[in-house]
Amino acid sequence: MTVPTTSFQTGSDPRFAGTRLTVDLAALTANWRQLDQLNGDAETGAVVKANAYGLGAETISAALFEAGCHSFFVALPEEGMRLRQVLRTYDDGDTADIYVLSGPLSGDDCAPVFLESNLIPVINSPEQMADWQNSLKARSALHPSALHVDTGMNRLGFSADEFRTLAADKDAINALNPVLLMSHLACADEADHPLNTAQTSQFHELASVLPGVKRSFANSACHFVGLQDHAQVTRPGIVL
């Protein structure tokens, strides 16, 4: 599959009146490469949720994949399924990691989509974890997952105490097969905000109990205040 190198039109369906948006793919992939240079040894991913912030996730993701991006983050399973279909047009398209930030909204309903499309669910709570584990057990399946711990954003994720309880349960950890531990900085756009230091410290403390699992902490703003150094996989989104 070859994507346009300069621009494509979105919102240009002649059946509907409205604004036409021209997206410069060369500029977008240049943005990704610039962030990748800032990240040092960390892998630079891409958040393409909500139709790549309205720009057209399929075309955007194909361009980023060709530029070298191999970790993508979407919000919903159906977004991940469509993205995998796009990436599978490439010989190595199944090697890309696609993380679904909402996780499985219903384990029994979502499990086939995650397994067939090779999607990695982000597990956000003990209840979601139990539902997902039951779905895998019913299918005698072992599948990778990501774990989301709340270090101060207060939006999604295991609390610190919930995560410590989970990490102490080796059977549960083995069943979840975690490949990524993630959190989200609440004030990364304010370099000197004290919450950045507090969240970073707690994230490192929690991550230390899963030493073989990659870490993801850096959102878009982190790249410009030096906080991307605390992650092995970064998650730029709107900045792209």
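The values are calculated or read from the model by the stated rules, or taken from the named source; none is laboratory data. Every value quoted in this text rests on a predicted model; they were computed, and no experiment measured them. For neighbour counting, all protein chains shown are included, and Cβ atoms are generated from backbone atoms with ideal geometry for every residue, glycine included. SASA here: full protein model, heavy atoms, side chains in, ligands and nucleic acids out. Shrake-Rupley method; radii C 1.70, N 1.55, O 1.52, S 1.80 Å.
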Cut-off 10 angstrom, C-alpha nodes, Gaussian network model of the chain. Which of GLY68, GLY80, GLY157 fluctuates the most? GLY68
Report the FRET efficiency, 1/(1 + (r/R0)^6), for ASP171 and ASP94, where r is their Cβ-Cβ distance and R0 is 41 Å, rounded to 0.05. 0.90
Could you derive backbone 3J(HN,Hα) for region 91-101 from the dihedral phi with the Karplus parameters 6.51, -1.76 and 1.60 (θ = phi - 60°), listing whole Hz in sequence and x where the residue is Gly or Pro? 4, 9, x, 7, 7, 6, 8, 10, 9, 9, 5
Which far-off residues, 5 or more places away or on another chain, put their amide H under 5 Å from the one on ALA218, with H placed in the peptide plane? ARG235
Per the 1.4 Å probe, what fraction of the accessible area of region 126-215, in percent, lies on carbon and sulfur atoms? 51 percent
Ignoring ligands, DNA and RNA, what accessible area per residue does region 13-101 give at 1.4 Å, in Å²? 48 Å²
Ordered by residue, what ³J(HN,Hα) values in Hz, to whole numbers, does region 52-69 give under the Karplus form 6.51 cos²θ - 1.76 cosθ + 1.60, where θ = phi - 60° and Gly and Pro are x? 6, 6, x, 8, x, 4, 5, 5, 4, 5, 4, 5, 5, 4, 5, 7, x, 6
Mind checking the per residue accessible area of region 161-240 for me, 1.4 Å probe, whole number of Å²? 45 Å²
Ordering of 69-76, 211-218 by burial proxy (mean other Cβ atoms within 10 Å per residue, highest first): 69-76, 211-218
Scan around PHE8 for amide H atoms under 5 Å from its own, H built in the peptide plane at 1.01 Å from N, and keep only partners 5 or more places away or cross-chain. VAL23, LEU25
Using helices alone, I'd like the mean residue ellipticity at 222 nm for the chain: each DSSP H run of four-plus residues gives -39500 (n - 2.57), total over residue count, nearest 500. -11500 deg cm²/dmol
